[in-house]
Amino acid sequence: MTDTKTALVTGANKGIGYEIAAGLGALGWSVGVGARDRTRRDDAVARLIDRGVDAFAVPLDVTDDGSVGAAADLLTERSGRLDALVNNAGITGGVPQEPTSIDLDIIRTVVETNVLGVIRVTNAMLPLLRRAASPRIVNMSSGVGSLTRQSGSVGELTTGPVAGAYSPSKTFLNAVMIQYVRELADTNILINAACPGFVATDLNGFRGVRTPEQGAATAIRLATLPDGGPTGGFFEDAGVIPW
Ligand SMILES: NC(=O)c1ccc[n+]([C@@H]2O[C@H](COP(=O)([O-])OP(=O)(O)OC[C@H]3O[C@@H](n4cnc5c(N)ncnc54)[C@H](OP(=O)(O)O)[C@@H]3O)[C@@H](O)[C@H]2O)c1
């Protein structure tokens, strides 16, 4: 086993996940680029290696048990442990998503990726995380998952459009995270949720106002927290986000 720290970033072939991989790589980490499409995955790994990152490909579809199990096997073989898992892969389910008319299959699809996908990947990677000295789990959530912000109970912050699948999926994800924090309270695994802000990526047709690099910053900070750092928190660049 080496001193080099290893991270797995899901959905790392583009957008914020790619920049999380680049940022961890710049800190000297070895980074598994979790991505479901072979061409997009290999292209991202090649671009990261060009940037000097010790990147390697991890075939990974977070909705597929077999794929996730194979990813855990690959990491077991390659590094024998996992220092940080960044659950970044996510989808919106598209528009429209008004709850009064939404197709229930959209909710199922979004929850399958944004919530069950995180649970599936986290549980498969836990044995590897437990072998690390200072394991970290970061869930890429969103401020639109904040019930406080969605209900407008903080100032003017009724953030994002009405979305019957995407926003609740991030609220669900945050709620599930807290149950992990409770169950794993007697371990040294620090588990936190990050919001990247409104970032210009494929996810929103590049309408976001922040760069993917800016969006990656909070997740990188949480993946590299020192021992004794926070756990069970919900953070953006500016600080703590209300639940
Ligand atoms: N952009 C924003 O303003 C914003 C704001 C708040 C939170 N977020 C969150 O940040 C995370 C990253 O979003 P982004 O903006 O960077 O979006 P993005 O550019 O669309 O990237 C999403 C990534 O997730 C991957 N993915 C989707 N489904 C997957 C699956 N089943 N298995 C494996 N990978 C899968 C995509 O892979 P493919 O290329 O194969 O589709 C892609 O790599 C998401 O969780 C999102 O909800 C984004």
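For this structure, a couple of remarks:
- Qualifying residue in the stretch 36-44 (condition: surrounded by 20 or more Cβ atoms within 10 Å (Cβ to Cβ) and either without any contact (Cβ under 8 Å) to a residue 12 or more places away in the chain or more than 18 Å from the chain's Cα centre (by Cα) (or both)): no
- For the stretch 86-152, the helices (runs of 4 or more DSSP H) that sit wholly inside it and include 3 or more residues that are touching a strand residue (DSSP E or B) at 6+ places or on another chain (Cβ under 7 Å) and among the hydrophobic types (A, V, I, L, M, F, W, C) are 117-130.
- Test result for THR201, buried (at least 19 other Cβ atoms within 10 Å of the Cβ), of a type in the set (Ser, Thr, Tyr) and closer than 26 Å to ARG108 by Cβ: yes
- Residues that are buried (at least 19 other Cβ atoms within 10 Å of the Cβ) and either free of Cβ contacts under 8 Å to residues at least 40 places away in the same chain or of a type in the set (D, E, K, R) (or both), drawn from the stretch 90-125: ARG120
- Residue match in the stretch 5-20 (condition: under 26 Å from VAL144 (Cβ atoms) and of a type in the set (Phe, Trp, Tyr)): yes
- Residue list for the stretch 157-183, restricted to those being assigned to a loop (DSSP other than H, G, I, E, B), among the aliphatic types (A, V, I, L, M) and buried (at least 19 other Cβ atoms within 10 Å of the Cβ): ALA163, ALA165
- Residue in the stretch 62-69 that is within 23 Å of LEU116 (Cβ to Cβ), at pLDDT 95 or above and over 19 Å from the mean Cα position of the chain (by Cα) present: yes
- Any chance ASN192 is crowded, with 19+ Cβ neighbours inside 10 Å, modelled with pLDDT of 95 or more, not aliphatic (A, V, I, L, M) and not in a helix (DSSP H, G or I): yes
- Pick from the stretch 210-242, criterion in a loop (DSSP other than H, G, I, E, B) and in contact with a Gly (Cβ under 8 Å, 6 or more places away or on another chain), ranking: farthest from VAL95 (Cα to Cα): ASP237
- Test for PHE206: is it assigned to a strand (DSSP E or B) and more than 18 Å from LYS5 (Cβ to Cβ): no
- You will find that of ARG136, ARG131, ARG149, the residue that is more than 16 Å from the ligand (Cβ to nearest atom), basic (Lys, Arg) and either crowded, with 19+ Cβ neighbours inside 10 Å or at pLDDT below 95 (or both) is ARG136 and no other.
- Residue, nearest to the chain's Cα centre (by Cα), within the stretch 156-204, restricted to residues that are more than 16 Å from ILE241 (Cα to Cα), away from the ligand (no atom under 14 Å from the Cβ) and not aliphatic (A, V, I, L, M): TYR180
The values are calculated or read from the model by the stated rules, or taken from the named source; none is laboratory data. Bear in mind the structure is a predicted one, so any value in this text is a computation, not a measurement. Counting neighbours? That spans all protein chains shown, and the Cβs are built from the backbone with ideal geometry, glycine included.
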